[in-house]
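The values are calculated or read from the model by the stated rules, or taken from the named source; none is laboratory data. In this text the structure is predicted, and so the values were computed from the model without any measurement. Glycine gets a Cβ as well: all are built from the backbone with ideal geometry, and neighbour counts include every protein chain shown. Just so you know, the surface numbers come from the protein's heavy atoms only, side chains and all, with ligands and any DNA or RNA stripped out. Shrake-Rupley method; radii C 1.70, N 1.55, O 1.52, S 1.80 Å.
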Amino acid sequence: MTDAEYRFSSTWWLPATPARLVFDAVVDLEAYPRWWPDVRSVRRVDDDTAEVVCRSRLPYRLMIAMHREEEDPVTGHVRVGLSGDLEGFLAGMLHAVGEGTRLEITQHVQARKPLLRKLDTVARPFFRANHAWMMRRGHRGLAAYLG
């Protein structure tokens with residue numbers, strides 16, 4: 001990967017939480033700031049697009065437009081296109097496992113924010129660690145929100 005490109009994958013296990021409940025929470029972007037501390041704000045642009053502002057441990061914020069590409073409650077598949085400070089996609093696949101749900105999240109993005117592009121070569125490990133921290137906090141927040 002080159003040119004400030006990143007691929008991430010995470011798996012969130014939500015025991016005793018039905019897949020439909022998880023699906024409904026994941027597609028409700030406007031509620032994210034209530035349960036994900038690193039999502040600072042969400043502004044609905046239209047029925048398929050929202051502008052999201054994120055900030056985790058490192059001293060920068062990301063402004064991202066998320067545009068719905070796929071949302072299927074039957075298959076449990078969700079995908080949004082990303083533009084702004086990050087460009088690419090974020091996809092989720094939900095799997096009912098007993099009474100719980102496994103949420104598999106994949107992201108493929110290219111940093112467009114000038115600061116991230118400039119520092120990519122030396123700060124990549126910190127950017128990856130910051131992303132992992134943010135995802136852990138999102139997982140914990142969603143589990144508490146749905147619990």
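Taking the charge dipole of the stretch 70-147 about its Cα centre, with +1 at Lys and Arg Cβ atoms and -1 at Asp and Glu Cβ atoms, the residue from 96, 77, 147 reaching farthest to the positive side is 147. Between the C-alpha center of the stretch 31-73 and that of the stretch 77-132 there is a gap of 12 Å. Put 108, 67 in order of accessible area, highest first, and with a 1.4 Å probe you get 67, 108. The share of accessible area on the chain that comes from carbon and sulfur is 54 percent, using a 1.4 angstrom probe. Classify the stretch 1-88 from the C-alpha gyration tensor, please: rounded if a/c falls under 1.5, else prolate or oblate depending on whether a/b exceeds b/c. Here the stretch 1-88 falls in the rounded category.
Dipole of the chain computed with +1 at Lys/Arg Cβ and -1 at Asp/Glu Cβ about the Cα centre; of 67, 86, 121, farthest Cα towards the positive end is 121.
The Rg/Rh ratio of the chain, with Rg taken over Cα atoms and Rh as the Kirkwood radius over Cα pairs, comes to 0.96. Comparing the stretch 58-100 with the 2.2 N^0.38 Å rule of thumb, its C-alpha radius of gyration ratio is 1.50 (two decimals). Relative to the Cα centre, the charge distribution of the chain, modelled as +1 at Lys and Arg Cβ and -1 at Asp and Glu Cβ, gives a dipole magnitude of about 900 debye. Of all alpha-carbon pairs in the stretch 83-147, indicate the percentage at a distance above 15 angstrom. Value for the stretch 83-147: 66 percent of Cα pairs lie more than 15 Å apart.
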